[in-house]
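Novice: The following block contains the structure, expressed as structure tokens.
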Amino acid sequence: MTKIAIYSTHAFEKPYLLTANQQRYELIFIEEALAADTAILAKGCKAIAVFTSDDVSAEVLKKLKDEEVSFVVTRSAGYDHIDLPVAQELGIRIANVPEYSPHAIGEHAVAMMLALDRHLIKSDKKVKRHDFTINDLIGFNLHYKTVGIIGTGRIGAVVCKILFGFGCRLLAYDIKQNEMLISKYGLQYVPLDQLCRESEVITLHTPLNEHTTYIINKENINIMKDGVMLINTSRGKLINTAEVVTALKSGKIGYLGMDVYEKEKPLFFHDYSKTGINDPILTELMEMDNVLITAHHAFLTNEALKNIADTTLDNIHCFILNQSNPRQIND
Ligand code: NAD
């Protein structure tokens, strides 16, 4: 039976992957992340499945090639963790899961907006220590507020639709315009600086690439409204976290919701509750009441996990049977 190595396997995804496999392949579940020293574990596997936390850099791809791995499928939409030009050079084919549930991530982004705006975490903590006072819990209505959506692809479109229901004024910045969002939800595409100037809430939904790295930085933070809310469920490096911390301290940024962090790799998905962490920026953010941090789990719904597993196994199947696959990223 053809062997497939599944790197960075989490307990929560195993049953979904086993069901999707339908006993077609021998799945080798590896808890360790893919890295230069764990590539050897793929010995005898024609294909491997990875996650965003795996290192699929040039060095690692060369080691995988030595082990005769021909296909790498990522159990994610984003593939900025994979060195595509080197994969192309080595003849390793790559596929992703472009659309497993934009609703999972879009709803998480909106959940963060509401939790921050209505001080839900603080309120819950107070109630559980029998403090039922509400003087410090004043929020604001999302109704009639201006929300700037940076990136109106699959996830940004879901956020647009949900916030239209809340009665928000919707601005967007994207290199491509979605006419349906303009006509159906009154979304208005504007330059990035105008979006920054006019929005009370800004939410990020672009991929990470050379054009979007640090798309939120001190220059455009300076022109934002005082007390603006910033939500990032996309990729950590879209925001310059150190500059955002400075703006949080001065009150320029009023709220930050982040499901992703630019230095999340050694931390997220691991339990450091006994040892603590050594990350001064994240530690500073964790101490702020107006900052809500989740550890990259916007995707974590039953529906999304089923779709990720089904599409991952389908990607593997297409590669093994040499069938054409619209989700293949390189030739
Ligand atoms: P998508 O490809 O459907 O949409 C991305 C949008 O960004 C497109 O409309 C594109 O035109 C726009 N864009 C690209 N480059 C741009 C630029 N330079 N300036 C402005 N706009 C630009 O992607 P999606 O499915 O909506 O996902 C968006 C991102 O969300 C993914 O790339 C991934 O990084 C992230 N994501 C996070 C999680 C999570 O669990 N937190 C899960 C899935 C995806």
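The values are calculated or read from the model by the stated rules, or taken from the named source; none is laboratory data. All of these numbers come straight from a predicted model, not from anything done at the bench. As a convention, Cβ positions derive from the backbone with ideal geometry for all residues, glycine included, and neighbour counts pool all protein chains shown. The protein model used for the area step is the full one, side chains on, heavy atoms only, and it has no ligands, DNA or RNA in it. Shrake-Rupley method; radii C 1.70, N 1.55, O 1.52, S 1.80 Å.
Novice: With each pseudo-label sitting 7 Å past Cα toward Cβ, what's the Ala58-Gln22 distance in nm, one decimal?
Specialist: 4.1 nm
Novice: May I pose another question? Excluding ligands, DNA and RNA, what is the solvent-accessible area per residue of the chain at a probe of 1.4 Å, expressed in Å²?
Specialist: About 49 Å² of surface per residue is accessible.
Novice: Additional query: With the full set of protein chains in place, find how many percent of the accessible area of the range 60-160 is carbon and sulfur; take the probe as 1.4 Å.
Specialist: 52 percent
Novice: Determine the dipole magnitude for the chain: charges of +1 sit on the beta-carbon of Lys and Arg, -1 on that of Asp and Glu, nothing else is charged, the reference point is the Cα centre, and the result goes in debye to the nearest 20.
Specialist: Around 680 debye, computed over the chain.
Novice: Beyond 16 Å, how much of the Cα-Cα pair distribution for the range 1-54 remains, as a whole percent? Could you put the intermediate results ahead of the total?
Specialist: Details: 515 of 1431 pairs.
Tail of the P(r) past 16 Å holds 36 percent of the pairs.
Novice: What is the Å³ per residue value for the convex hull set by the Cα atoms of the range 60-167? Intermediate results must be reported in sequence, preceding the final value.
Specialist: Numbers: hull volume 16.6 nm³, N = 108.
For the range 60-167, the hull spanned by Cα atoms encloses 154 Å³ per residue.
Novice: Moving to a separate point now. Convex hull volume of the Cα atoms in the range 284-331, per residue, in Å³?
Specialist: Spread over its residues, the Cα hull of the range 284-331 gives 128 Å³ apiece.
Novice: Report the Stokes-Einstein translational diffusion coefficient (µm² s⁻¹, integer) for the range 214-328, Rh taken as the Kirkwood radius over Cα pairs, at 25 °C with viscosity 0.890 mPa s. It would help to have the intermediate numbers written out before the result.
Specialist: Details: Rh = 16.5 Å.
D = 149 µm²/s.
Novice: Compute the distance from the alpha-carbon center of the range 61-89 to that of the range 230-284, in whole Å.
Specialist: When both Cα centres are located, 28 Å separates them.
Novice: Follow-up. Rounded to two decimal places and with Rh computed the Kirkwood way over Cα pairs, what is Rg over Rh for the chain? Walk me through the numbers before you get to the answer.
Specialist: Numbers: Rg = 21.1 Å, Rh = 21.2 Å.
Rounded to two decimals, Rg/Rh equals 0.99.
Novice: Give me Rg over Rh for the range 100-216, both radii from the alpha carbons and Rh done the Kirkwood way, two decimal places.
Specialist: On the way: Rg = 15.9 Å, Rh = 15.3 Å.
In the range 100-216, Rg relative to Rh is 1.04.
Novice: Let me ask you something else. Just how large is the dipole of the range 1-83 about the Cα centre, in debye to the nearest 20, putting +1 at every Lys and Arg Cβ and -1 at every Asp and Glu Cβ?
Specialist: 400 debye
Novice: So, one more: Just the number, please: carbon plus sulfur as a percent of the accessible area of the range 217-319, 1.4 Å probe, no ligands or DNA/RNA counted.
Specialist: 51 percent
Novice: Which helices, taking whole DSSP H runs in the chain, have alpha carbons extending 20 angstrom or more along the helix axis plus mean Kyte-Doolittle at least 0.0?
Specialist: Helices meeting the criterion: 102-117, 302-320.
Novice: I've got another one for you. Report the accessible area of Phe299, computed with a 1.4 Å probe over the heavy atoms of all protein chains in place, in Å² rounded to the nearest 10.
Specialist: 10 Å²
Novice: Quick check on the range 186-243: take the gyration tensor over C-alpha atoms, sort the square-rooted eigenvalues as a ≥ b ≥ c, and tell me if it's rounded (a/c under 1.5), prolate or oblate.
Specialist: oblate
Novice: In the full protein assembly as shown, how much of Lys46 is accessible to a 1.4 Å probe, in Å² to the nearest 10?
Specialist: Estimated to the nearest 10 Å², Lys46 gives 90 Å².
Novice: When Lys and Arg each count +1 and Asp and Glu each count -1, what net charge do the other residues less than 12 Å away from Lys145, Cβ to Cβ, add up to?
Specialist: Here the count lands on -1.
Novice: Based on the Cα atoms of the range 223-286, what semi-axes does the equivalent ellipsoid have, where each is the square root of 5 times one gyration tensor eigenvalue, given in whole Å with the largest first?
Specialist: For the range 223-286, the semi-axes come out at 23, 13, 9 Å.
Novice: Rg and Dmax of the range 119-181, Cα atoms, in Å?
Specialist: 16.7, 50
Novice: Using heavy-atom solvent-accessible surface (probe 1.4 Å) with all chains present, what is the largest-first order of Phe132, Phe140?
Specialist: Putting Phe132, Phe140 in descending order of accessible area: Phe132, Phe140.
Novice: Summarise the accessible area of the range 1-50 (1.4 Å probe, protein heavy atoms) by the percent that is carbon and sulfur. Walk me through the intermediate numbers first.
Specialist: Details: 1350 of 2510 Å².
That fraction is 54 percent.
Novice: Excluding ligands and nucleic acids, what accessible area in Å² is computed for Val245 using a 1.4 Å probe, to the nearest 10?
Specialist: 10 Å²
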